[in-house]
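A quick write-up on the structure given underneath.
The values are calculated or read from the model by the stated rules, or taken from the named source; none is laboratory data. Every value quoted in this text rests on a predicted model; they were computed, and no experiment measured them. All Cβ positions, even for glycine, are placed from backbone atoms using ideal geometry, and neighbour counts span all protein chains on display.
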Amino acid sequence: MKEIKKNHRLYMPGLDGIRALAVLAVISYHLNWGWASGGFLGVSVFFVLSGYLITDMLIEERKNKQRIDLKRFWIRRIRRLLPAMVTMIIAIAVYLAVTNIPRLFSIQGDIWSALTYTSNWYNIFHHISYFESFGPPSPLGHLWSLAIEEQFYLIWPLLVIGLSRFFNPTRGKFVLLTLAGAILSFVAMVLLYEPGTDPSRVYYGTDTRAFGLLIGASLAFIWPSSKLVDPNLRKHRFWIDMTGVIGLLVVIYMFMRTGEYDPSLYTGGMLILSLVSSFVIAAAASPSSLVSKILGWKALRWIGKRSYSIYLWHYPVIVITNPTSPTTDTSYFLLMIQLALSIGLAAWSYSFIETPFRTGDWSIWSKIVKLQLNGMTKQHPFKFLVRTVPLVILMLICVSNIMNLSIFSSQSLTRLAGTASPAGQSPELTSDVLTTTPDVNQLPGLTSPVPTSTPIGKNSLATTSPAPTASPKAENSTARTSPVPTVPKAENPAILTSPAPTVSPKAENSIASTSSAPVNASGANNPVLLTQSVTAIGDSVMLGAAPVLEKMIPGITVDGKVSRQLSQAPDMIKQFKADNTLGRIVIIHLGTNGPFTSEQLDILIEMIGENHKIILINTRVPKKWEYVVNGTLTSVSRGHANVKLVDWYSFSANKPDWFVSDGVHLTVKGAEAYSKLILDAVNAMSKLDPKK
């Protein structure tokens, strides 16, 4: 392949091919294409490549000039990265100023952290998850990786200069020190990672992701571009090709088969990916290698050169154009539109923003200005007005919306920002969700009166009925016990008169209701005689349905909390047991807010005890962890005789009227169906011996 000199450095077309593969993997992941479950690892490949190229640049400069010009280096980085990003941010801000001012306020933290290249730490300190956020996400949520790279560009040259005073940067000691730094970073990832919890902390952290950049830097010391034209390298072409091809296959395999919740990814997987990526980079950088020729394909080079702009634009395009309701499927037509917009805007940014700022060549802009001026002088005045007036009106709309912001009081701004999603997240409960007790007496099928409830705190519920003694207290939580009505004595009170639900044929230890029709909780059609106490622990889905649950299952204790994770449940069980208030039947519905491991669930079940009957409810949440949670619940429930699984996921399929716009929380009709399903499960479990 022909070697091209650019800025006195060897142009390596194979590296553009690597950029193309990495950015295409990231786009595929963000488009939720099933075959690219590990596409987010494209960022890891970018880290290794950036570490290699930046360090190689520093080595070459020190070799040729006997010094590193820090000012010149940082200015070049700013000219290369900042203009395109600022242009994208301005475009998004203007769009939101016209269409959705509250959302613009919700991302103001993202804007400032992006401009200061601190997005990753902003997300960490504000607990903004990369994997577990209820939509709509921030259109700037992808800029965390650029923050890590810019922090590396700021600190790494200083370290290279400092270490160069003690070591020759081409010698083995320097390489060992760099690899030692990579090992420390990887160890930090392993130590900070908590299996079964949201991995965003280790995913975002500069400290836990630096090993990818440092592995790339180590490669630059071992495999500098200045040596790639050495004719002796041809003697080793077989080994270069073999390691490069194997590494490329491993990278592609991890793009396709890795999941973001796979614990092995954070305990060695990312390290392996970074190492094999360095093999691919070494092979792709060699002009005569097979990998260089494959990745140097013209189409890949075109994408690779524009990969930075593609990365900048694709995510906001996807976020803004995705359906507002998660229950609405994304059509293939929309996917094509998203791809076309992403690549089109990136191509424009590359030609009109990136290249002029990077090279200082503004000829493309001068040509456009000349064409426009010539065109305006030749246009009929009416045509000129038709073409320009709409643009002026659009600008006025933008300006007027922005100016209107200044007349709001600070209190209004705070309230407005509070109703919007905080930088990449949205409140788990929306106004459509049953966050406070509805008038249950007006629900169809529910005829007997129940005590009214009044909110006692943020997202909390309390009833005027007697509360359980010393139930676990938590903010955003409700622990409520509905009164048990007086019922006639039965000859055999263990036998419930309501029909038992049929067992779902899909899985052993699974319970599914046979009907989604509203149930008459007054006892007229489906009388319930609780001979065993019931405790229900859940998140905001159960919190919203609590009034209906209490109506259908008199005497039940419901403890729901916004954003609750399964990792919080063991402490609750301990408190319930300490207060002697844990029911004989325990219902667990957790997993809406993130995954957990089989080990965590097993520990929780053992903590509840074999003398209790346990009902697990799987989840319906249009997020990537849904299949992880439901798979874990299915596998664990089969291993315990006292555990049954309620298949809410299948039961609620194709029922959009059961959910509000987020596709997770329940409408009144959904709360009825959800409670009916749990009622049937309680009836069935009441008849079972937990030890059999």
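So the values come out like this:
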quantity: Gly216 surrounded by 23 or more Cβ atoms within 10 Å (Cβ to Cβ), in the same structural domain as Phe131 (by TED's automatic domain parsing) and on the phi < 0 side of the Ramachandran plot; calculated: yes
quantity: Residue check, Trp625 surrounded by 18 or more Cβ atoms within 10 Å (Cβ to Cβ) and over 21 Å from Met552 (Cβ atoms); calculated: yes
quantity: Among the candidates His589, His612, residue that is closer than 18 Å to Gly196 by Cβ and either buried (at least 21 other Cβ atoms within 10 Å of the Cβ) or at pLDDT 90 or above (or both); calculated: His589
quantity: Check on Thr632, assigned to a helix (DSSP H, G or I), buried (at least 18 other Cβ atoms within 10 Å of the Cβ) and at pLDDT below 95; calculated: yes
quantity: Number of the exception - Ser331 against (1) in contact with a Lys or Arg (Cβ under 8 Å, 6 or more places away or on another chain); (2) without any contact (Cβ under 8 Å) to a residue 12 or more places away in the chain; calculated: (1)
quantity: Pick from region 580-629, criterion among the aromatic types (Phe, Trp, Tyr) and in a loop (DSSP other than H, G, I, E, B), ranking: farthest from the chain's Cα centre (by Cα); calculated: Phe596
quantity: Condition broken by Ala210, with the remaining ones in (1) surrounded by 18 or more Cβ atoms within 10 Å (Cβ to Cβ); (2) in contact with a Phe, Trp or Tyr (Cβ under 6 Å, 6 or more places away or on another chain); (3) closer than 17 Å to Leu273 by Cβ satisfied; calculated: (2)
quantity: Residues (buried (at least 16 other Cβ atoms within 10 Å of the Cβ) and over 13 Å from Ile320 (Cβ atoms)) located in region 80-108; calculated: Leu81, Pro83, Ala84, Met85, Thr87, Ile89, Ala97, Ile101, Phe105, Ser106
quantity: Any hit, region 94-114, residues being at positive phi and either of a type outside the set (Ser, Thr, Tyr) or assigned by TED's automatic domain parsing to the domain that holds Arg209 (or both); calculated: no
quantity: Residue ID - nearest to the chain's Cα centre (by Cα), chosen from residues in region 245-267 that are more than 23 Å from Tyr627 (Cα to Cα) and in contact (Cβ under 8 Å) with a residue 24 or more places away in the chain; calculated: Val251
quantity: Counted residues, region 223-232 - those being buried (at least 16 other Cβ atoms within 10 Å of the Cβ) and assigned to a helix (DSSP H, G or I); calculated: 1
quantity: Any hit, region 636-658, residues being at positive phi and surrounded by fewer than 24 Cβ atoms within 10 Å (Cβ to Cβ); calculated: yes
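A quick yes/no check of all residues on (1) in a helix (DSSP H, G or I); (2) touching a residue at least 40 places away in the same chain (Cβ under 8 Å); (3) within 30 Å of Phe131 (Cβ to Cβ):
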position: Gly181; (1), (2), (3): yes, no, yes
position: Val202; (1), (2), (3): yes, yes, yes
position: Ser218; (1), (2), (3): yes, yes, yes
position: His236; (1), (2), (3): yes, no, no
position: Thr243; (1), (2), (3): yes, yes, no
